[in-house]
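Student: Submitted below is the structure of interest, expressed as structure tokens.
The values are calculated or read from the model by the stated rules, or taken from the named source; none is laboratory data. Bear in mind the structure is a predicted one, so any value in this text is a computation, not a measurement. As a convention, Cβ positions derive from the backbone with ideal geometry for all residues, glycine included, and neighbour counts pool all protein chains shown. Note: accessible area is taken over every heavy atom of the protein model, side chains too, but ligands, DNA and RNA are not part of it. Shrake-Rupley method; radii C 1.70, N 1.55, O 1.52, S 1.80 Å.
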Amino acid sequence: MYTAGLRSWFDEKVQEVLAGQVITHPNIADSSSRMRPLVLAGRVAEASAANEIFHKERVVAGGVTQHTTARSTHGWVFADTAYMVPPSQAILGNWEFAFEDLKGFHRILAQPDGLMRHVFNASVPKEESYVDIDLWIDGTAWGRANGWWMAGVVDTLEVIPQASWDRELVALYEKTCARLIECQDEGIWRATIDDSYSLLDTSATVMIGYAMAKGAQLGLGGEKAEQASFAALEAVMRHHFDWKNAILRNQQYGPMIVNVPSPNPRYHDHGNAYGQGFLAALYAINAEGVRVRDLEVQSLHKN
């Protein structure tokens, strides 16, 4: 909402967040993502108070933030957390924390080619695993997993001076970005990125496209990334957008906690929140001339 210029709606949602508890369980990672918009809205005191609670109650798995505190997901590392946690930590001034979490998620979840997988169970030592299913809750190169991580990187780096960027993290971003461009098919990415038989996924497409568009403006990914982001926007707006109801169609429905061969058996949803917000931001950057540096989004502290 902020990037797309929907400020009145953005302010309305900020008030909704402040009407309740900011950090909640078991969705501690998801709820921590609320701190970044609080800072953007100038509610620094509230964001800082929430951050104290987050760090006190945060659980670590595999050296990174565990996605939930639910007992049923003990040790589970989700790619989603790469977007929920690091950007908020970066804007609050915890740059090294944000860098280490993002690099840690890549270390745990990335395939050798850089594509991101979804959920790994870091509570099970690999030498004690009988079959991979007790380690990889979902070991596919999941579309939205790549979107979460890529968007988490650019929203983190956006608030940090380039001279202070973590060069290892930048190299990991470039590796994953290049592989994603290779897998793009007529502007679209699929539910399983490297499986041409899996369903197309417009939510993954706009998330990855957003990350590449913002990344290109920050000096990441190069001209190919900028072209890929525009191709993503053009494909979804031409072929997968309900103009009457402003609905992005053919988004993958819900989380993908499966471990089966392709074609992926998930089904599509229309208008869910995964893609709608990222589409608005992607459109703003690629079609409305928004320059992310002109927004002057900066960290609260300069290391």
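Student: Does any residue of the range 171-188 turn out to be farther than 28 Å from residue 296 by Cα and crowded, with 24+ Cβ neighbours inside 10 Å?
Tutor: Yes, because at least one residue in the range 171-188 is farther than 28 Å from residue 296 by Cα and crowded, with 24+ Cβ neighbours inside 10 Å.
Student: Within the group 17, 39, which residue is buried (at least 18 other Cβ atoms within 10 Å of the Cβ), in contact (Cβ under 8 Å) with a residue 60 or more places away in the chain and among the β-branched types (Val, Ile, Thr)?
Tutor: 39
Student: Of the conditions (1) assigned to a helix (DSSP H, G or I); (2) crowded, with 19+ Cβ neighbours inside 10 Å, residue 3 fails just one. Which one is it?
Tutor: For residue 3, the failing item is (1).
Student: Of the residues that sit in the range 139-160 and are modelled with pLDDT under 95 and open to solvent by 10 Å² or more (accessible area, probe 1.4 Å), which one is nearest to residue 252 (Cα to Cα)?
Tutor: 140
Student: Within the range 219-237, count every residue that is over 18 Å from residue 247 (Cβ atoms) and open to solvent by 10 Å² or more (accessible area, probe 1.4 Å).
Tutor: 9
Student: Of everything in the range 42-68 that's at positive phi and under 20 Å from the mean Cα position of the chain (by Cα), which residue is surrounded by the most Cβ atoms within 10 Å (Cβ to Cβ)?
Tutor: 62
Student: Taking the conditions exactly as written (surrounded by 15 or more Cβ atoms within 10 Å (Cβ to Cβ), more than 20 Å from the chain's Cα centre (by Cα) and polar (S, T, N, Q)), does residue 31 satisfy them or not?
Tutor: For residue 31, the condition - surrounded by 15 or more Cβ atoms within 10 Å (Cβ to Cβ), more than 20 Å from the chain's Cα centre (by Cα) and polar (S, T, N, Q) - is not met.
Student: If you check residue 133 against the conditions, is it in a helix (DSSP H, G or I), open to solvent by 10 Å² or more (accessible area, probe 1.4 Å) and touching a residue at least 12 places away in the same chain (Cβ under 8 Å)?
Tutor: yes
Student: I want to confirm something. Restricting to the range 270-285 and keeping residues that are in contact with a strand residue (DSSP E or B) (Cβ under 7 Å, 6 or more places away or on another chain) and not polar (S, T, N, Q), which single residue is nearest to residue 229 (Cα to Cα)?
Tutor: Looking at residues that are in contact with a strand residue (DSSP E or B) (Cβ under 7 Å, 6 or more places away or on another chain) and not polar (S, T, N, Q), I get 279.
Yes/no per residue for (1) touching a strand residue (DSSP E or B) at 6+ places or on another chain (Cβ under 6 Å); (2) modelled with pLDDT of 95 or more:
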{"residue": "1", "(1), (2)": "no, no"}
{"residue": "22", "(1), (2)": "no, yes"}
{"residue": "32", "(1), (2)": "no, yes"}
{"residue": "36", "(1), (2)": "no, yes"}
{"residue": "39", "(1), (2)": "no, yes"}
{"residue": "45", "(1), (2)": "no, yes"}
{"residue": "52", "(1), (2)": "no, yes"}
{"residue": "55", "(1), (2)": "no, yes"}
{"residue": "61", "(1), (2)": "yes, yes"}
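Student: Out of 234, 296, which single residue is among the charged types (D, E, K, R) and at pLDDT below 95?
Tutor: Unique residue meeting the criteria: 296.
Student: Using the structure shown, decide if residue 141 is touching a residue at least 24 places away in the same chain (Cβ under 8 Å) and not acidic (Asp, Glu).
Tutor: So residue 141 passes the test.
Student: Right, residue 113: open to solvent by less than 20 Å² (accessible area, probe 1.4 Å) and among the acidic types (Asp, Glu) or not?
Tutor: Considered against the rule, which asks whether it is open to solvent by less than 20 Å² (accessible area, probe 1.4 Å) and among the acidic types (Asp, Glu), residue 113 comes out as no.
Student: Further, regarding this structure: Any idea how many residues of the range 163-200 are closer than 29 Å to residue 241 by Cα, in contact with a Lys or Arg (Cβ under 6 Å, 6 or more places away or on another chain) and either at pLDDT 95 or above or part of a helix (DSSP H, G or I) (or both)?
Tutor: Looking only at that region, the number is 1.
Student: Tell me which residues, restricted to the range 277-300, are open to solvent by 50 Å² or more (accessible area, probe 1.4 Å) and either more than 24 Å from residue 89 (Cβ to Cβ) or in a helix (DSSP H, G or I) (or both).
Tutor: Passing the criteria: 283, 287, 288, 289, 291, 293, 294.
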